[in-house]
Amino acid sequence: MRDVALPLMVLRESAVAHNLRLMQAWCDARGVSLAPHGKTSMAPALIRRQLDAGAWAMTAATVGQLTVMREAGARRVLLANEIVGAPEIAWLERERAHVEVLCLVDSVEGVAALDAGVERPLRVLIELGGARAGCRTEEQALAVADAVAASPRLLLAGVEGYEGTLGGDRSPATLAAVDAFLDRVSALASALDARGAFADVDEVLLTAGGSVFFDRVAERLRPALSRPVRVVVRAGSYVTHDDGIYAEATPLPELRAALELWARVLSCPEPGLAIAGFGKRDAPYDLGLPVVRSPGGVTVEALNDQHAFLRGDLAVGDVVVCGISHPCTAFDKWSVLGVVDDDDVVIATVDTRF
C-alpha cells in the first residue's frame, strides 16, 4: 500500500472469501435459497463470485441492473420491483431472451402494463407492502391475483415483501414488527393457495430479507402449501459487510468487514484536530460516519466533500485506515477498488464501471 496514491477504497480478499463461504453455508444449512441484491456492489467480479459460491439467483432493482447481472453470469434474476413503463418492459423482454426473470406486481394497473408488453409467459410475485411499494391489504392482493389469473401471459409464482423499512435494529419491538409482517406474507400465500392461484407453477416462491433480518425470513416463511415452497433471502451486504449499521445489527456476527478506506493526514491545524484527505466523495455517510480502525483512539467527527475532521493523536503524513457504514453507498463512489491480501499488497482490482 505504500506505493499507491491515497485516498483509496480497498477490499480485503480474505474477508470477502470468508463472507461468501459463510453466507452460502448458512443458507444451505437452513434450506433457503440466496438471491443477493447485486445493487450492493454493482461489481461484475463480485456478482460472479456470489454466483460461483452457490447463489440461486441475483436480485436487481432496475432493468439496467438486470443487464449487468446477466452479463456477469446470472441465469436467473429476481427483479424486486414493479416494472410498469413501456420502455422498461421492452428492455425486460429483450433480456428475457438470455435470462430467466421474475418481477413484482402490486396493482391491477401494473398487471395490465406487463400483460400488454410481454410476449411470452412471465412469472410474477405479488408484493405485500409496508412502508414502501406493495399491496397494503389482503383484499388488494387478491384483486391483483385475479388480474394475473385473467392474463394469458402472466403466471403467479409467489409472494414478496421487504421488511427492512420496519427498522434497522434488532430490538424486541422491531423484531416483533418484522415477524408480524412476515407472518402476513405467509398468510397471504396460504390464502392465495387456497384459491388455486398457484395452479400454473411447480413451486411457490416466498421471498423477503434485506441484510438485517434474513434469519427471521428463514424461520417465519414456512407455510404448508399445496406445492413445494422455495424461501429466498435477498441479503446483499454480507459480501463485504461493514463496521457500522450491519456490524451492529447482523444476525450473522461471524461476517467480517471487507471494505477499508485508506487516507493520509494532510494537516494538524490545532491540538487534537487532524484533517485527513477523504470526504463525502470518498466514503459513505448516509447511515453513519466512517469508523477509524487504526491508529487507535481516533474518531471521525465530520466530513466535507474532500476532507475529514478527525480527533485523536495524529501527525501530518500519518495514514489512517477506516471501516465504513453502509456498503451500498461505498461502491457507488469508486469506479475501481483495490483488492488487498493480509500483507496489504494490492493483488487485484474490482471494477464497478459497467
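The values are calculated or read from the model by the stated rules, or taken from the named source; none is laboratory data. Everything numeric in this text was worked out from a predicted model, so none of it was measured. Glycine also receives a Cβ, built like all others from the backbone with ideal geometry; neighbour counts cover every protein chain displayed. SASA here: full protein model, heavy atoms, side chains in, ligands and nucleic acids out. Shrake-Rupley method; radii C 1.70, N 1.55, O 1.52, S 1.80 Å.
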message = Can you tell me which residue is farthest from VAL346 (Cα to Cα) among those in segment 1-32 that are buried (at least 19 other Cβ atoms within 10 Å of the Cβ) and in contact with a helix residue (DSSP H, G or I) (Cβ under 7 Å, 6 or more places away or on another chain)?
response = VAL32
note = Going through (1) in contact (Cβ under 8 Å) with a residue 40 or more places away in the chain; (2) among the β-branched types (Val, Ile, Thr); (3) buried (at least 17 other Cβ atoms within 10 Å of the Cβ) one by one, VAL319 fails only at (3)
query = Restricting to segment 272-289, what's the tally of residues that are open to solvent by 10 Å² or more (accessible area, probe 1.4 Å) and within 16 Å of PRO327 (Cα to Cα)?
reply = 8
query = Out of curiosity, is PRO269 in a strand (DSSP E or B) and either open to solvent by 10 Å² or more (accessible area, probe 1.4 Å) or more than 17 Å from HIS326 (Cβ to Cβ) (or both)?
reply = yes
query = When you go through ALA197, ALA191, ALA235 one by one, which is the residue that is open to solvent by less than 40 Å² (accessible area, probe 1.4 Å), more than 28 Å from LEU314 (Cα to Cα), touching a residue at least 60 places away in the same chain (Cβ under 8 Å) and not in a strand (DSSP E or B)?
reply = ALA235
ask   = Taking ARG220 and the conditions (1) open to solvent by 40 Å² or more (accessible area, probe 1.4 Å); (2) free of Cβ contacts under 8 Å to residues at least 12 places away in the same chain, which numbered condition does it fall short on, given that it satisfies the others?
value = (2)
ask   = Hey, does segment 309-324 have a residue that's assigned to a strand (DSSP E or B), closer than 20 Å to LEU11 by Cα and either of a type outside the set (A, V, I, L, M) or touching a helix residue (DSSP H, G or I) at 6+ places or on another chain (Cβ under 9 Å) (or both)?
value = yes
message = Tell me whether segment 164-172 contains one or more residues that are open to solvent by 40 Å² or more (accessible area, probe 1.4 Å) and more than 23 Å from the chain's Cα centre (by Cα).
response = yes
ask   = Given the structure, is ARG123 among the charged types (D, E, K, R), outside any helix (DSSP H, G or I) and in contact with a helix residue (DSSP H, G or I) (Cβ under 6 Å, 6 or more places away or on another chain)?
value = no
query = Exactly one of (1) of a type outside the set (Ser, Thr, Tyr); (2) open to solvent by 60 Å² or more (accessible area, probe 1.4 Å); (3) within 30 Å of MET23 (Cα to Cα); (4) not in a helix (DSSP H, G or I) is unmet by LEU252. Its number?
reply = (2)
